[in-house]
Amino acid sequence: PGFEMHVAHETLPLFPQPTREGPIDTHALFGETVVVYEIDEEGWAWGQLRSDGYVGYLPTEGLREAGAAPNRKVIAPRTLVYPGPSMKLPTWGALPLGAQLAVTQESGDFAEVPGLGFVWREHLAGLDHAAPDFVAVAERFLHAPYLWGGKTSSGLDCSGLIQIALHASGVAAPRDTDMMEKALGAPIDMAAGLRRGDIVFWKGHVGVMQDAETLLHANGHHMLVVSEPLAVARERIVAKTGADVTLVRRLG
């Protein structure tokens with residue numbers, strides 16, 4: 001049946017095969033629950049991410065036994081971890097948006113996470129916190145680098161950007177573009193006009209409209225998260241791949 005473990009690194013790559021020589025499928029975030037079904041002698045855990053059901057291999061050095069249940073999540077694009085409740089101390093690391101923490105007590109402006117350190121309290125919220133505008137969440141990642149399989153401000157891909165923004169707004173979303181295209185919202189006719197929050201799909205690519213004409217997306221052309229006219233992006237993608245927009249979906 002498997003057993004639960006938690007991600008103990010800022011992020012942890014998930015691979016389709018137990019080797020670092022191949023591509024990465026996605027990343028799990030700190031505190032995320034992994035249901036582990038098997039651990040081999042080479043230090044690989046085969047398991048499934050509780051958050052979106054993704055299955056693959058993760059390095060066991062980045063996992064720990066499930067302890068206290070998380071009760072807070074990071075709502076800033078990135079927050080620093082300190083050894084004590086003072087911003088003047090040297091940092092021990094950082095945590096991304098969506099990381100889950102088991103906070104035991106607060107000390108002034110900081111929250112204490114046993115075994116980790118102290119994080120700025122205002123960068124945290126309850127697990128049920130939902131940002132009111134998922135596009136505004138995505139916009140906070142403008143100019144972040146493109147990273148295949150990435151899901152943080154240090155690097156993210158097109159579907160990673162959409163997934164983490166939706167998750168921050170309390171909307172469950174699958175990880176990959178093809179699954180998003182089937183699961184999110186309802187299809188709309190582009191000819192009727194687009195609006196903020198409409199999700200635009202190509203084969204293997206996805207972005208979100210900031211307004212009726214402007215697309216926000218992480219892409220391999222700029223190797224960044226960029227904001228640009230949808231018409232410009234469509235023209236470039238058609239010229240490069242021959243593929244135009246396949247579908248636009250609108251959340252309820």
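The values are calculated or read from the model by the stated rules, or taken from the named source; none is laboratory data. This structure is a prediction, so every number in the text was calculated from the model and none was measured. When we count neighbours, we look across all protein chains shown, and the Cβ atoms used for this are built from the backbone with ideal geometry, even at glycine. These accessible areas exclude ligands, DNA and RNA; they are computed on the full protein's heavy atoms, side chains included. Shrake-Rupley method; radii C 1.70, N 1.55, O 1.52, S 1.80 Å.
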Worksheet, complete the sentence: Only one of (1) open to solvent by 30 Å² or more (accessible area, probe 1.4 Å); (2) in contact (Cβ under 8 Å) with a residue 24 or more places away in the chain; (3) under 19 Å from Gly115 (Cβ atoms) does not apply to Val81, and that is (1)
Item to complete: Please work out if Ala136 is free of Cβ contacts under 8 Å to residues at least 12 places away in the same chain, open to solvent by less than 50 Å² (accessible area, probe 1.4 Å), more than 18 Å from Glu10 (Cβ to Cβ) and not in a loop (DSSP other than H, G, I, E, B).
Response: yes
Worksheet item: Would you pick out the residues in the stretch 193-211 that are open to solvent by less than 10 Å² (accessible area, probe 1.4 Å) and among the charged types (D, E, K, R)?
Response: Asp198
Item to complete: Go over the candidates Thr177, Thr241, Thr214 one by one and state the one that is open to solvent by less than 30 Å² (accessible area, probe 1.4 Å) and not basic (Lys, Arg).
Response: Thr177
Response to the item:
When (1) free of Cβ contacts under 8 Å to residues at least 60 places away in the same chain; (2) open to solvent by less than 10 Å² (accessible area, probe 1.4 Å) are applied to Leu184, the one that fails is (1)
Fill in: The one condition in (1) exposed (fewer than 13 other Cβ atoms within 10 Å of the Cβ); (2) within 17 Å of Ser169 (Cβ to Cβ); (3) out of contact with any strand residue (DSSP E or B) (no Cβ under 7 Å at 6 or more places or on another chain) that Pro90 fails to fulfil
(2)
Worksheet item: Right, Ala125: in a loop (DSSP other than H, G, I, E, B) and surrounded by 15 or more Cβ atoms within 10 Å (Cβ to Cβ) or not?
Response: no
Worksheet item: In the list Pro13, Pro18, Pro1, which residue meets the criterion of being over 24 Å from Glu122 (Cβ atoms) and modelled with pLDDT under 95?
Response: Pro1
